[in-house]
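Before any comments, here is the structure.
The values are calculated or read from the model by the stated rules, or taken from the named source; none is laboratory data. Remember, predicted model here, so these are calculated numbers, not experimental data. Here Cβ is always computed from backbone atoms with ideal geometry, including for glycine, and neighbour counts include all displayed protein chains.
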Amino acid sequence: MRRVAIFALLLVLTTPALAVQPDEVLRDPRLEARARALSQHLRCMVCQNQSIDDSDAPLARDLRLLVRERLSAGDSDGQVIDFLVSRYGEFVLLKPRFEWHTAALWLLPPVILLAGAIAVFLSTRRRPVAPDPALTEAERVKLSEILRGEKEADRP
(Lines give C-alpha, C1' and ligand atoms only; values in the text may rest on other atoms or scores of the structure.)
Protein backbone atom coordinates (compact mmCIF):
# COMPACT_ATOMS: atom_id res chain seq x y z
CA MET A 1 0.00 0.00 0.00
CA ARG A 2 2.88 2.32 0.79
CA ARG A 3 4.35 1.78 -2.69
CA VAL A 4 1.06 2.73 -4.31
CA ALA A 5 0.92 5.94 -2.28
CA ILE A 6 4.50 6.84 -3.21
CA PHE A 7 3.80 6.08 -6.87
CA ALA A 8 0.66 8.26 -6.79
CA LEU A 9 2.60 11.10 -5.19
CA LEU A 10 5.34 10.87 -7.82
CA LEU A 11 2.73 10.79 -10.57
CA VAL A 12 1.12 13.96 -9.25
CA LEU A 13 4.51 15.68 -9.05
CA THR A 14 5.31 14.88 -12.69
CA THR A 15 2.26 16.62 -14.12
CA PRO A 16 3.11 19.83 -15.96
CA ALA A 17 2.72 23.00 -13.95
CA LEU A 18 0.63 25.30 -16.08
CA ALA A 19 0.88 28.97 -15.31
CA VAL A 20 -2.69 29.92 -16.16
CA GLN A 21 -4.27 31.32 -13.02
CA PRO A 22 -7.92 30.63 -12.13
CA ASP A 23 -8.83 34.33 -12.46
CA GLU A 24 -7.65 34.26 -16.10
CA VAL A 25 -9.92 31.42 -17.22
CA LEU A 26 -12.82 32.42 -19.46
CA ARG A 27 -16.33 31.26 -18.60
CA ASP A 28 -17.01 30.04 -22.13
CA PRO A 29 -15.23 26.66 -22.46
CA ARG A 30 -14.87 27.03 -26.25
CA LEU A 31 -13.21 30.43 -25.96
CA GLU A 32 -10.98 29.12 -23.17
CA ALA A 33 -9.94 26.16 -25.30
CA ARG A 34 -9.07 28.54 -28.17
CA ALA A 35 -7.15 30.80 -25.78
CA ARG A 36 -5.16 27.84 -24.42
CA ALA A 37 -4.40 26.60 -27.94
CA LEU A 38 -3.19 30.05 -28.98
CA SER A 39 -1.19 30.49 -25.77
CA GLN A 40 0.76 27.31 -26.47
CA HIS A 41 2.06 28.79 -29.74
CA LEU A 42 3.08 32.19 -28.37
CA ARG A 43 6.53 32.81 -26.90
CA CYS A 44 7.07 34.34 -23.51
CA MET A 45 9.32 37.32 -24.20
CA VAL A 46 10.96 36.94 -20.77
CA CYS A 47 11.54 33.17 -20.76
CA GLN A 48 12.04 33.01 -24.55
CA ASN A 49 11.81 29.23 -24.90
CA GLN A 50 8.54 28.78 -23.06
CA SER A 51 5.05 29.40 -24.25
CA ILE A 52 2.98 31.99 -22.44
CA ASP A 53 0.78 29.08 -21.36
CA ASP A 54 3.70 27.60 -19.37
CA SER A 55 5.35 30.77 -18.09
CA ASP A 56 4.81 32.43 -14.71
CA ALA A 57 6.35 35.73 -15.85
CA PRO A 58 4.18 38.84 -15.45
CA LEU A 59 4.52 39.63 -19.18
CA ALA A 60 3.26 36.14 -20.06
CA ARG A 61 0.24 36.73 -17.82
CA ASP A 62 -0.40 40.05 -19.59
CA LEU A 63 -0.21 38.32 -22.97
CA ARG A 64 -2.58 35.55 -21.82
CA LEU A 65 -5.06 38.18 -20.65
CA LEU A 66 -4.65 40.08 -23.93
CA VAL A 67 -5.36 36.90 -25.94
CA ARG A 68 -8.50 36.24 -23.87
CA GLU A 69 -9.58 39.86 -24.21
CA ARG A 70 -9.24 39.77 -28.00
CA LEU A 71 -11.07 36.44 -28.24
CA SER A 72 -13.89 37.76 -26.03
CA ALA A 73 -14.12 40.80 -28.33
CA GLY A 74 -14.85 38.44 -31.22
CA ASP A 75 -11.47 38.26 -32.96
CA SER A 76 -10.59 35.10 -34.85
CA ASP A 77 -7.48 33.12 -33.98
CA GLY A 78 -5.70 34.61 -36.99
CA GLN A 79 -6.65 38.14 -35.99
CA VAL A 80 -5.31 37.58 -32.48
CA ILE A 81 -2.01 36.25 -33.86
CA ASP A 82 -1.77 39.12 -36.36
CA PHE A 83 -2.42 41.65 -33.60
CA LEU A 84 0.31 40.18 -31.38
CA VAL A 85 2.79 39.96 -34.28
CA SER A 86 2.11 43.58 -35.24
CA ARG A 87 2.67 44.61 -31.63
CA TYR A 88 5.63 42.40 -30.65
CA GLY A 89 7.08 41.17 -33.96
CA GLU A 90 7.54 37.65 -35.34
CA PHE A 91 9.58 36.72 -32.27
CA VAL A 92 6.36 36.30 -30.28
CA LEU A 93 5.60 33.17 -32.33
CA LEU A 94 7.25 29.95 -31.16
CA LYS A 95 6.97 28.66 -34.73
CA PRO A 96 7.59 31.59 -37.11
CA ARG A 97 5.59 31.88 -40.30
CA PHE A 98 7.18 30.95 -43.61
CA GLU A 99 7.81 34.28 -45.32
CA TRP A 100 10.64 35.77 -47.37
CA HIS A 101 12.50 37.07 -44.32
CA THR A 102 12.22 33.71 -42.50
CA ALA A 103 13.03 31.55 -45.55
CA ALA A 104 16.60 30.92 -44.39
CA LEU A 105 15.29 29.78 -41.00
CA TRP A 106 13.06 27.20 -42.68
CA LEU A 107 15.18 26.17 -45.67
CA LEU A 108 18.74 26.17 -44.34
CA PRO A 109 18.45 23.13 -42.00
CA PRO A 110 17.18 20.74 -44.72
CA VAL A 111 19.79 22.09 -47.17
CA ILE A 112 22.58 21.54 -44.64
CA LEU A 113 21.26 18.06 -43.84
CA LEU A 114 21.13 17.17 -47.53
CA ALA A 115 24.64 18.54 -48.12
CA GLY A 116 25.93 16.49 -45.18
CA ALA A 117 24.26 13.33 -46.49
CA ILE A 118 25.79 13.89 -49.93
CA ALA A 119 29.22 14.49 -48.38
CA VAL A 120 28.98 11.28 -46.34
CA PHE A 121 27.84 9.33 -49.39
CA LEU A 122 30.67 10.66 -51.54
CA SER A 123 33.31 10.07 -48.88
CA THR A 124 32.25 6.48 -48.20
CA ARG A 125 31.65 5.51 -51.79
CA ARG A 126 33.93 2.71 -53.00
CA ARG A 127 36.53 3.85 -55.45
CA PRO A 128 38.54 1.46 -57.55
CA VAL A 129 41.73 0.72 -55.69
CA ALA A 130 44.93 0.20 -57.64
CA PRO A 131 46.49 -3.18 -56.90
CA ASP A 132 49.52 -3.17 -54.64
CA PRO A 133 52.69 -3.52 -56.63
CA ALA A 134 54.49 -6.85 -56.23
CA LEU A 135 57.39 -7.01 -53.79
CA THR A 136 60.87 -6.84 -55.18
CA GLU A 137 63.29 -9.68 -54.43
CA ALA A 138 65.13 -7.55 -51.85
CA GLU A 139 61.85 -6.72 -50.09
CA ARG A 140 60.87 -10.42 -49.98
CA VAL A 141 64.20 -11.36 -48.38
CA LYS A 142 63.87 -8.56 -45.81
CA LEU A 143 60.28 -9.66 -44.99
CA SER A 144 61.40 -13.28 -44.54
CA GLU A 145 64.13 -12.16 -42.14
CA ILE A 146 61.68 -10.10 -40.12
CA LEU A 147 59.17 -12.92 -39.91
CA ARG A 148 61.86 -15.45 -38.91
CA GLY A 149 63.07 -13.07 -36.21
CA GLU A 150 59.55 -12.77 -34.79
CA LYS A 151 59.08 -16.55 -34.73
CA GLU A 152 62.35 -17.01 -32.87
CA ALA A 153 61.46 -14.28 -30.39
CA ASP A 154 58.11 -15.98 -29.67
CA ARG A 155 59.83 -19.20 -28.56
CA PRO A 156 60.48 -19.49 -24.80
- Message: Conditions first: (1) within 26 Å of residue 27 (Cβ to Cβ); (2) small (Gly, Ala, Ser); (3) surrounded by 10 or more Cβ atoms within 10 Å (Cβ to Cβ); (4) at pLDDT 85 or above. Residue 117 passes all but one, so which condition is the exception?
- Response: (1)
- Residues being exposed (fewer than 10 other Cβ atoms within 10 Å of the Cβ), in a helix (DSSP H, G or I) and modelled with pLDDT of 85 or more - total across the stretch 120-144: 4
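Quick grid of which residues meet (1) within 23 Å of the chain's Cα centre (by Cα); (2) in the same structural domain as residue 38 (by TED's automatic domain parsing); (3) under 30 Å from residue 31 (Cβ atoms):
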position	(1), (2), (3)
67	no, yes, yes
73	no, yes, yes
78	no, yes, yes
84	no, yes, yes
113	yes, no, no
132	no, no, no
136	no, no, no
140	no, no, no
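This table checks each residue for (1) within 19 Å of residue 33 (Cα to Cα); (2) touching a His at 6+ places or on another chain (Cβ under 8 Å); (3) not hydrophobic (A, V, I, L, M, F, W, C).
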position	(1), (2), (3)
57	no, no, no
60	yes, no, no
71	yes, no, no
89	no, no, yes
95	no, yes, yes
111	no, no, no
121	no, no, no
138	no, no, no
